[in-house]
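The values are calculated or read from the model by the stated rules, or taken from the named source; none is laboratory data. All of these numbers come straight from a predicted model, not from anything done at the bench. As a convention, Cβ positions derive from the backbone with ideal geometry for all residues, glycine included, and neighbour counts pool all protein chains shown. Ligands, DNA and RNA are excluded from the accessible area calculation, which covers all protein heavy atoms including side chains. Shrake-Rupley method; radii C 1.70, N 1.55, O 1.52, S 1.80 Å.
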Amino acid sequence: MASQTESLGHDSDKPRRIIVVGSSNVDFIMKMSRLPQRGETITNATFLQTFGGKGANQAYAAAQAGGEVYFVNCVGDDRYGPAIVENLQPVGVNTRFVFTSPGVASGTALVMIGGDGDNYLSVAPGANYELNRSHIDQVRALIADSAMIVLQCEILADTFDYVVELASQQRRPILLNLAPARAVTESSLQRVTYLILNESEAEFLCGFPIESFELAARAAESLRARGPRVVLITLGSQGVCLSSGGEAVHVPAFAVTAVDATAAGDSFCGALATCLVEDQPLIDAVRFASAAAAICVTRLGAQPSIPSRQETRQFLRDRSRP
Ligand code: RIB
């Protein structure tokens, strides 16, 4: 049985490489004092164009947390494709396996943010849905030589299932962020090591609303029975429900003033992946990831909001002072 102090048990000479297979988007953001009602036009919004996509954000976050990260993705041959790649490189994400799909637009997201930081998103997947089995065959060796595969649900289900199959054949741990919520086969779920999802995604998989910590704990335990060794249900400002054997544990969130919740979950997942491949105890990894997500929420945009390892450590030090 796993425990809250569990780690992956690496030897020092084993690879610690993280492979993120997922989406990239250009995010077009409108920040408003409040979200419009149906048919209403808000005229005092602030506009920002940044880079996002759950896969790219998680690769960025894992690299910012200090991980060795490869990103596997498909961009379009429009003017955004090279910009998406160039934005990942300064933080150390290896983009050798970001493929370009001819005649297709790069992924695009429209993000509307209200005064309280809550967001509404609409995504046009574009080239993200061009990533296919033949691309994944080109990263077989990379997967075999990795410490963790990180997945989300903004790529085709067939590609997703193929990655899960290859990773599990090669006995690589899989961290799945089930976002946005999508049906996954029970056989894929069985092969997941770390499952991370929010309340609505947990409701989607479990069939009952997560209205309290007790219900989150029940959901997490029922999901663990379906395969994952560790289930983490993120509860926004209420923290995280962590189930890894025995009773589920509540990890409180850090109180911050929310500006934009976009990519908070991605910051959490990327930072968590890096801590886990470093063999940090699970509870410490979750605290670090929660701190990274808290910092992200205080800023506007996806990738520009994701903190570095040093910044997250400083935040944790500041918050541990009496
Ligand atoms: O998780 C946040 C991300 O979701 C945004 O960056 C947007 O691109 C969508 O993929």
Exercise. When both residues are 6+ apart or on different chains and their Cβ atoms are under 6 Å apart, which pairs have a first residue that lies in the range 104-126 and is part of a loop (DSSP other than H, G, I, E, B), and a second that is more than 9 Å from the ligand (Cβ to nearest atom) and of a type in the set (Ser, Thr, Tyr)?
Worked result: SER106/TYR80; GLY115/SER33
For this session: Output yes when any residue across the range 297-310 is modelled with pLDDT of 95 or more, out of contact with any strand residue (DSSP E or B) (no Cβ under 9 Å at 6 or more places or on another chain), within 16 Å of the ligand (Cβ to nearest atom) and assigned to a helix (DSSP H, G or I), and no when none is.
Result: yes
For this session: Might you let me know whether the range 263-271 holds any residue that is more than 16 Å from the ligand (Cβ to nearest atom), touching a helix residue (DSSP H, G or I) at 6+ places or on another chain (Cβ under 7 Å), within 23 Å of GLY301 (Cβ to Cβ) and aliphatic (A, V, I, L, M)?
Result: no
Problem set entry | Matching entry among ALA127, ALA141, ALA109, ALA105 (being under 18 Å from ARG17 (Cα atoms) and either under 20 Å from the mean Cα position of the chain (by Cα) or at pLDDT 95 or above (or both)) | ALA141
For this session: Answer yes if at least one residue in the range 141-153 is within 16 Å of the ligand (Cβ to nearest atom), in contact (Cβ under 8 Å) with a residue 60 or more places away in the chain and in a helix (DSSP H, G or I), and no otherwise.
Result: no
Seminar exercise, completed: (1) open to solvent by 10 Å² or more (accessible area, probe 1.4 Å); (2) more than 14 Å from the chain's Cα centre (by Cα); (3) away from the ligand (no atom under 16 Å from the Cβ) all hold for SER290 apart from (2)
Exercise. Based on what the data block shows, is PHE99 in contact with a His (Cβ under 7 Å, 6 or more places away or on another chain), surrounded by fewer than 20 Cβ atoms within 10 Å (Cβ to Cβ) and not in a helix (DSSP H, G or I)?
Worked result: yes
For this session: Would you point out the residue of the range 107-140, among those that are within 11 Å of the ligand (Cβ to nearest atom) and of a type in the set (S, T, N, Q), that is surrounded by the most Cβ atoms within 10 Å (Cβ to Cβ)?
Result: ASN128
For this session: For the range 33-58, enumerate the residues that are away from the ligand (no atom under 12 Å from the Cβ) and open to solvent by less than 10 Å² (accessible area, probe 1.4 Å).
Result: none
